[in-house]
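Contents: one structure, followed by commentary.
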Amino acid sequence: MTGTSVLKPTKFFSPPADPPQSPELSLRLKEQECLSLLKKCKNLEEFKQAHAQIVKWGFFWNSFCASNLVVACALSDWGSMDYACSIFQQIDEPGTFDFNTMIRAHVKDMNFEEALFFYYEMLERGIEPDNFTYPSLFKACAWLQAQEEGMQIHGHAFKLGFENDLYVQNSLINMYGKCGEIKHSCAVFEQMDEKSVASWSAIIAAHASVGMWYECLMIFGNMSSEGCWRPEESTLVTVLSACAYLGALDLGKCTQGSLLRNISELNVIVQTSLIDMYVKCGCLEKGLSVFRKMAKRNQMSYTVIISGLATHGHGEEALRIFLEMLEEGLDPDDVVYVGVLSACSHAGLIHEGFQFFDRLKSEHGIKPTVQHYGCMVDLMGKAGMIDEALEFIKSMPIKPNDVVWRSLLSACRVHCNLEIAEIAAKHLFQLNSQNPGDYVILSNMYARAQRWQEVAKIRVEMARKGLHQVPGYSLVEVGRRIHKFVSQDTSHHQCESVYEMIHQMEWQLKFEGYSPDTSHVLLDVDEEEKRQRLKGHCQKLAIAFALIHTSQGSPVRITRNLRMCNDCHTYTKLISIIYEREITVRDRNQFHHFKDGTCSCRDYW
DNA sequence: ATAGGGTTAG
C-alpha cells in the first residue's frame, strides 16, 4: 500500500524543485508527476511556470506529457487556445489523441470551422480518427447547421465502424435534429440497440426544434414506459413547451408533478416554462400564481406573463405587471415590449400603445423591430383605423414583412375594407410568402362582395402555386389524450355520438333564440347547405365531444389552429349558458373565455 | 494511462 502513496500527494507532499533523477522512480511516475503539476494549475501564469518546468525536466518530448500540456491549456476554464495551439505545433508527431484534443477544444471555444479544419488536417496527415473524434465533429456540424458536411463525416465514421458507438449515435441525433433533418435523427435513434438518457433527450429536443410537438409528447411517453430513470429537468422543460403549444393541460400538470417529485428546487427556466404552459393552456390564474411565487424573475418570466395576460385580454393587468418589472429594476428588452404592445392591441388601449411605442425608443434605446411595427398595425387595425395603419406601414423605416401586411389584411377582413385589403394582399403576394391563408382571406372577401370571378381567379392562382387551404381543426383534451376534429369530421371514431350531441345542442340553442349566421359561409351554395356546413365546424364538434365525455360543470378547453368564425363565437357563448360550462378557446392569436353567455374578448377581435 | 454524447424558457 505504501508504494502508491507517492501517486496521491498528501498535504505534506510538494514537488521538488528539481526532477528526482534517482533511478528508482520509473518513467510512469515521472509522467504522473508532470500530470499532477498540470492539474494544480489555476491560471495561465501557473500553467506557464509548469510548462517551463516540464521543458526543463526534458519531458516535453514525452508524448504523454506534451499531450497533457495541450489538454490542460486548451480545455481548462483559464486556458488560452492560442497558447495551446503553439504547444500543439511543437509536438513532433501529434497523434489521434492530440488531434482529438484540439478538435474538442475548438468546439468548446465555439470555433467550429477550426475544429473541422483540424479533422481534415488529421486525415491529410494519415492519422486515423477514432470513436472519440466524431462526437465533437457532429456537435460542430450541428452548430454550423452543416448538414451535408455532417452526412459526409457520418459516412467516414460508418466506414471506420463507429456507427454503433453510443456517443457517436447521440451526437448524430442532435446534429441531424439541429439541421432540421428529423428523419435522419429518427433513423439513427431507431437503429440503436442501447439508448441512454442522452439519446432520449436528444431525440425529444430534435422534435421540439422542428416544432413536432405531438411527437415530442409521444416519445416522452415511450421514454417513461421503456426506461426506468427519472426524467431530467431539461427534458421536462421541453415537454412543458410541447404541452404549451398543444394546449395539453393534463399532461402539463403531470409534468409539473414529476418536476416537484424529482427536482428539489425549480429554477427560473423551469418556472418560466410552467407559467407559459399554464397560460397557453388557458389557465391564466395558475400561471399567475406560479409567477407570484417566484423568488427571482428575469425578462423571460415577465415576457411570458405579460404576453399571456395580453392574449387573455387582460391588457391593463399586463401593463401593471410591466410597470412592476421596471420597478424591480429589470431592463426591458425588445421581446418584452412586443408583449406590452400586443397587450395594448388586444385590449384596445390605443393611446397607451402609442405611448409605449414611443417609450421603447426614447427611454430604453430599443430600435423597433418589425414585430413592434406589426403590433402597432394590429393595434390600429383592430380599432378600425385601417387608413392610418396603411399610412403607418408606408412610413416604416424598415421593410415591412409578411406579418405586418397580414395583420393589415386581417383587419381589413374584420372591418370589410376590400380596397385596402387588395393593397395588403398585393404586397403579400409580392413577398411570395406562400401562405395559403392570405389567398383565402382575399378570396373570401371577394365572395362576400359577390365578386365570384375574382374568387375563381384567386383559387386558380393558389392551385398554380400549389398552395392548399389549411384545414381548420380543433383540439380538445379528454382523459389525457388530445382529440383532433376537423370541420365536417367523419374520421373520429366516435363521430356518430358527436353528431347526435350536435343535434341535441341545436334544439336547446333554438330555445335561446340562436339562429345560424350564414353570412360568413362563403360558398356559392343554398341556405340549407350553408347551415349544414356551419353545424360541422370543428370547434362545435370538439365542444360536443367534450360535453359528452367530461363531468357536469367541468371546464372545456379547446385549441384551434385558425381563428374562429362569428357563428362559432355566438354559438359558444350560448352553450356556456345552457350547459353551465366555462369554455376556453385558444385560437391563432388569443384566448376566448366563454362564461355565462359572454366572452372575455368583449367581442373585440 | 489521458478523453467523448443530450442541456431546457419569451
Revision key, fill the gap. Among residues of the range A:158-171 being within 9 Å of DNA strand B (Cβ to nearest atom) and within 26 Å of A:VAL210 (Cα to Cα), the residue surrounded by the most Cβ atoms within 10 Å (Cβ to Cβ) is A:GLN169
Check your understanding: Any residue in the range A:123-134 that is more than 11 Å from DNA strand B (Cβ to nearest atom), under 28 Å from the mean Cα position of the chain (by Cα) and free of Cβ contacts under 8 Å to residues at least 60 places away in the same chain?
Key -> no
Study note, to complete from the structure: Flagged in the range A:219-247 as crowded, with 21+ Cβ neighbours inside 10 Å, near DNA strand B (Cβ under 10 Å from one of its atoms) and at pLDDT below 90, in numbering order, are A:PRO231
**Study point:** In the range A:493-545, residue modelled with the lowest pLDDT [restricted to those that are of a type in the set (D, E, K, R) and part of a loop (DSSP other than H, G, I, E, B)]
**Key:** A:ASP524
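Every residue, every condition in (1) of a type in the set (S, T, N, Q); (2) outside any loop (DSSP other than H, G, I, E, B); (3) crowded, with 22+ Cβ neighbours inside 10 Å; (4) within 15 Å of DNA strand B (Cβ to nearest atom), yes or no:
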| site | (1), (2), (3), (4) |
| --- | --- |
| A:ARG292 | no, yes, no, no |
| A:VAL304 | no, yes, yes, yes |
| A:LEU309 | no, yes, yes, yes |
| A:GLU317 | no, yes, no, no |
| A:LEU326 | no, yes, no, yes |
| A:LEU330 | no, no, no, yes |
| A:HIS351 | no, yes, no, no |
| A:PHE357 | no, yes, no, no |
Check your understanding: Here are A:CYS216, A:CYS179, A:CYS186: which of them is buried (at least 16 other Cβ atoms within 10 Å of the Cβ) and away from DNA strand B (no atom under 13 Å from the Cβ)?
Key -> A:CYS186
Revision key, fill the gap. By residue number, the members of the range A:58-105 that are polar (S, T, N, Q) and touching an Asp or Glu at 6+ places or on another chain (Cβ under 7 Å) are A:ASN62, A:SER67, A:THR96
Check your understanding: What pairs can you find where one residue is in the range A:276-303 and farther than 21 Å from A:GLU582 by Cβ and of a type in the set (Asp, Glu), the other is within 12 Å of DNA strand B (Cβ to nearest atom) and in a helix (DSSP H, G or I), and their Cβ atoms are less than 6 Å apart, with a gap of 6+ or different chains?
Key -> A:ASP276/A:ALA244; A:ASP276/A:VAL304
Check your understanding: If you go through the range A:46-67, how many residues are out of contact with any Ser or Thr (no Cβ under 9 Å at 6 or more places or on another chain), in a helix (DSSP H, G or I) and either under 18 Å from A:LEU29 (Cβ atoms) or within 15 Å of DNA strand B (Cβ to nearest atom) (or both)?
Key -> 8
Study note, to complete from the structure: If we ask which residues in the range A:473-488 are modelled with pLDDT of 90 or more and either in a loop (DSSP other than H, G, I, E, B) or over 18 Å from A:VAL556 (Cα atoms) (or both), their number turns out to be 2
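The values are calculated or read from the model by the stated rules, or taken from the named source; none is laboratory data. Because the structure is a prediction, the values reported are computed rather than measured. Because the Cβ atoms are built from the backbone with ideal geometry, glycine has one as well, and the counts that use them run over all protein chains shown.
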